[in-house]
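Undergrad: Sharing a structure with you now.
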Amino acid sequence: MTLYEFFQKHPKVALAFSGGVDSAYLLYAALNCGAQVHAYYVKSAFQPRFELEDAMRLAAELGVDMKVLDVDVLDCPQIAANTAERCYYCKYSIFKAIINAASEDGISVLIDGTNASDDAGDRPGMLALRELTVRSPLRECGLTKTEVRRLSKEAGLFTWDKPAYACLATRIPTGEEITKEKLQRTERAEDYLFSAGFTDFRVRMMGSAARIQLPERQLPFLLNKRKEFLGELKKYYSAVLLDLEVRGE
C-alpha cells in the first residue's frame with residue numbers, strides 16, 4: 001500500500017502532530033494526497049517549548065490549522081510515579097485526548113507518525129496505540145526513518161534533518177518520581193546546550209547530578225569549554241558528569 005492509497009481510503013483524518021520528522025512529513029503527505037487532515041498537538045510538561053514552536057511553524061508553512069490540547073500528564077499517578085509502564089499511561093492519556101477532540105470535530109480516524117523503523121514489539125506505548133486503534137500510515141506503507149528524511153528533504157520541509165528527541169521524562173531514571181521542577185531543570189539545561197551548538201545529546205539525571213551524553217565528534221568542543229559549561233549547568237545540578245559511552249557509538 002502507498003500513502004496515496006491509504007488517504008484515498010481515509011480522506012478525513014486526525015493527526016497526532018508532534019512537530020518531529022515523521023509527523024511533519026505525514027502532515028505534508030496527507031495534504032499532498034488530497035486528504036482533509038486536522039493536526040492536534042498535545043502540550044504537556046514532557047514536551048520542551050521548541051517542539052511546539054516547530055509544530056506551529058510547519059503548520060503555518062503548510063497552511064494547516066493546528067489545535068493545541070493541554071494535558072496534565074503528571075495528574076496520572078502511574079505516570080508521575082515513573083514506573084516501567086509510564087509510557088503506556090502517557091500515550092494513552094495523550095491519544096485519548098486527541099480522540100475526544102477529533103470526535104467533536106467529526107473525525108473518527110486518528111493517525112500518528114510511527115514509521116517502519118520503529119520497533120513495535122510489546123513496547124508499552126505501542127500497546128496503547130493498538131488499544132486505541134491508532135493507524136500508522138508510514139509504518140503500514142513500509143516507510144523507514146531514512147526514507148522519511150529523504151522524502152522530507154525533497155519536499156522542502158525544514159524538519160527533514162531534525163534530530164530525534166525523546167520526551168523529557170526519559171531523562172529521569174525509571175522508578176524515580178517525575179516532578180515539574182525536574183522536567184524544567186532538564187529543559188533549561190538542554191536549551192543551553194542547544195544554544196551552544198550541540199545536537200543529538202541528552203542530559204540525564206543521576207540523583208541531583210547531571211550525566212551528559214553526546215556524539216563523540218562533539219566531545220572536544222565540550223572539553224575545550226569545560227569551565228563555561230560547568231558554570232552554566234551547575235546552576236541546575238550539584239555535579240556534572242560526562243558519559244564516556246557517548247551517543248553514536
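Every read-out reported here was derived from the displayed coordinates using simple, explicitly stated rules and does not represent laboratory data. Predicted, not measured: the structure shown is a model, and the values here were computed from it. Backbone-built Cβ (ideal geometry, glycine too); neighbour counts: all protein chains shown.
Undergrad: Over the chain, what is the relative contact order in whole percent, taking alpha-carbon pairs under 8 Å and six or more residues apart?
TA: Values: 394 pairs, mean separation 44.0, N = 249.
Across the chain, relative contact order equals 18 percent.
Undergrad: Within the set of other residues whose C-beta is less than 11 Å from the C-beta of A35, count the net charge using Lys and Arg as +1 and Asp and Glu as -1.
TA: +2
Undergrad: Please quote Rg/Rh for region 120-213 to two decimal places, taking the Kirkwood radius as Rh and restricting both calculations to Cα atoms.
TA: Ratio value, two decimals: 1.04.
Undergrad: Among T146, T114, T83, which one shows the biggest mean-square fluctuation in a GNM of the chain, springs joining Cα atoms closer than 10 Å?
TA: The residue with the greatest mean-square fluctuation here is T146.
Undergrad: Estimate the FRET efficiency between V109 and Y192 by the formula 1/(1 + (r/R0)^6), using the beta-carbon distance for r and 35 Å for R0, to the nearest 0.05.
TA: Step by step, r from the Cβ atoms, then E = 0.30.
Undergrad: Continuing with this model, one more query. Counting other C-beta atoms within 10 Å, and keeping those with at most 10, which DSSP coil GluC sites (Glu not before Pro) do you find in region 126-180?
TA: E177
Undergrad: Now a separate question. Longest exposed-loop-site-free stretch of the chain, with trypsin sites (Lys or Arg not before Pro), DSSP loop and at most 15 other Cβ within 10 Å?
TA: The longest uninterrupted stretch comes out as 1-224.
Undergrad: Next question, about the same structure. Regarding region 151-205, what's the average projected area of the Cα-atom convex hull, expressed in nm²?
TA: 4.7 nm²
Undergrad: Take K234 and K9, extend 7 Å from each Cα along the Cα→Cβ direction, and tell me the distance between the two endpoints in nm.
TA: Spacing of the two 7 Å Cα→Cβ label points: 5.9 nm.
Undergrad: Continuing with the same structure: Which value does Rg/Rh take for region 1-114 over its C-alpha atoms, Rh per Kirkwood?
TA: The Rg/Rh ratio comes out at 0.99.
Undergrad: Could you give the nm distance between label points at E245 and M206, where each point is 7 Å from its Cα heading toward the beta carbon?
TA: The modelled label-to-label distance comes out at 1.1 nm.
Undergrad: Can you give me the relative contact order of region 111-238 as a percent, contacts being Cα pairs under 8 Å and 6 or more apart?
TA: Normalised by residue count, the contact order of region 111-238 is 16 percent.
Undergrad: Using only the Cα atoms of the chain, what semi-axes does the equivalent ellipsoid have when each is the square root of 5 times a gyration tensor eigenvalue? Give whole Å, largest first.
TA: Over the Cα atoms of the chain, the ellipsoid semi-axes are 33, 21, 16 Å.
Undergrad: Determine the dipole magnitude for region 14-149: charges of +1 sit on the beta-carbon of Lys and Arg, -1 on that of Asp and Glu, nothing else is charged, the reference point is the Cα centre, and the result goes in debye to the nearest 20.
TA: Rounded to the nearest 20 debye, it is 140 debye.
Undergrad: Based only on the alpha carbon positions, what is the Kirkwood hydrodynamic radius of region 189-249, in angstrom?
TA: 11.5 Å
Undergrad: Express in whole angstrom the spacing between the alpha-carbon centres of region 143-165 and region 193-247.
TA: Between the Cα centres of region 143-165 and region 193-247 lies a distance of 27 Å.
Undergrad: In region 67-110, which residues have a backbone nitrogen under 18 Å from the label point lying 7 Å from M1's Cα in the Cα-to-Cβ direction?
TA: 108-110
Undergrad: Moving on. Give, as ranges by residue number, the residues of region 150-186 whose backbone N falls under 19 Å from the point 7 Å along Cα→Cβ of K43.
TA: Taking a point 7 Å out along Cα→Cβ of K43, the residues of region 150-186 whose backbone N falls under 19 Å are 167-169, 180-181, 183-185.
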